1. How much of the accessible area of the range 69-171, probe 1.4 Å, is carbon plus sulfur, in whole percent?
2. Per residue, how much accessible area does the chain have with a 1.4 Å probe, in Å²?
3. Please work out whether the range 166-243 counts as rounded, prolate or oblate from its C-alpha gyration tensor, where a ≥ b ≥ c are the square roots of the eigenvalues and a/c under 1.5 means rounded, while otherwise a/b larger than b/c means prolate and anything else oblate?
4. Based on a Kirkwood Rh over C-alpha pairs, give the Stokes-Einstein translational diffusion coefficient of the range 269-352 at 25 °C and viscosity 0.890 mPa s in µm²/s.
5. If we sort 49-58, 161-170 on the protection proxy, mean other Cβ atoms within 10 Å, highest first, what's the order?
6. How would you classify the range 62-170 from its alpha-carbon gyration tensor, with a ≥ b ≥ c the square roots of the eigenvalues: rounded for a/c under 1.5, else prolate if a/b is greater than b/c, otherwise oblate?
7. Taking N as the number of residues in the range 191-235, what value does Rg over Cα atoms divided by 2.2 N^0.38 Å take?
8. Report, by chain and number, residues whose modeled amide H sits under 5 Å from the one on His10, excluding near sequence neighbours (fewer than 5 apart, same chain).
Amino acid sequence: MNEDFNYVFHLSHIDLDGYGCQYLTTKVFDKINCYNANYGSEVSERLDEIIEDIKSKDNIKPLILITDLNLTTKEGNALEKAALKVGAKIVLLDHHATGESAANNLAWYYLDTSRSATKITYGWLREHFDFDKEAEYKPIVEAINAIDIWVDDSEYFDYGRVLLGMISGAREVNRVVFANEDRVYKLWLIENAKRVLDEYPLDEAPIILDDKLHFIKKEFFKALKNDTKDNLVANYITEILSKNKDKMSVEFNGKKGILTYSTGNTSLIGNNFLVKNEDFDFYMDVNSRGNFSLRSNNKVDVSKMAEVIGNGGGHPNASGGKIENYKDTFVYSKLRDFIQNYLDEKAVKWVKF
């Protein structure tokens, strides 16, 4: 490891190219925390999270690595000040032309519009850390590069198209609530896609990967026995929720629930969780627009609860509504605090159900 740092905090984008960068860095660095963000306010929130995580660790020399995301000069200057306070080095590797002004003003900002961020990161790792001397990872890097910057005459382009759909369609694990698990899942998919590319002729590999994707996904979620993919995913999510239920719990007038965000498959996952966690009374899932779904297992009439908290309704064990003046966030802890405060305000309207 480079003597300038011994712990990497890697922020990257949420598409194939962004995860491709992290796929490579996790092969090189043992001590690495990964984060992902889309553009807009989420970038700032994740950078704030990184600074706080650095503060929580003792005796480290941190590197803040940013890939496949561009910053403005103002954002870069703010990051420099925050990084200086925690003794962190910064490296940004990107290919978006919109970052040109910042790249011209910030010494740690590397911009190359001719390559994808994955290919830039690959070159950086090979140059500075002797990564992949045998060029084992070059084909998967070329495939990501071809589709990300649209090199449609590349021999890897068709394979890249399958990779792109593979990651954009990997929505089984919500990245806000289960950020680490979602990232592990997507890096698993890229790893298995690399294996297909290693094992089959390039002209056959796109079709073979496309054929195998369903089984590759099921293999990730499979635990003790095979099942339908929906059931496997529901069981996987339920296990994560059960392990983290204390920090994900909310209360409404003495009733205990668990809060998720845009998790989907609410009936199956909600019922699974409530059956396996009898100390909980309801399951609540909120989406980015403030719409919510409630589920119960004969412990709370959630149709009446939905009426009280969101002018909603439905059935005693399945209902929904909409939260007033909802403020979306990309940090789960902030979402939970907002929802708990909202539920507390509405508790005065509680009726015994």
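The values are calculated or read from the model by the stated rules, or taken from the named source; none is laboratory data. These numbers come from a predicted model, not from an experiment. Note: ideal-geometry Cβ built from the backbone for every residue, glycine included; neighbour counts use all protein chains shown. With ligands, DNA and RNA removed, areas are computed over all heavy atoms of the protein, side chains included. Shrake-Rupley method; radii C 1.70, N 1.55, O 1.52, S 1.80 Å.
1. Using a 1.4 Å probe with all protein chains present, the range 69-171 comes out at 47 percent carbon and sulfur.
2. Result: 48 Å² per residue.
3. prolate
4. This corresponds to a translational diffusion coefficient of 188 µm²/s.
5. 161-170, 49-58
6. prolate
7. Normalised Rg, Cα atoms only: 1.33.
8. Those lying under 5 Å, H to H, from His10 are Asn33, Cys34, Tyr35, Leu65.
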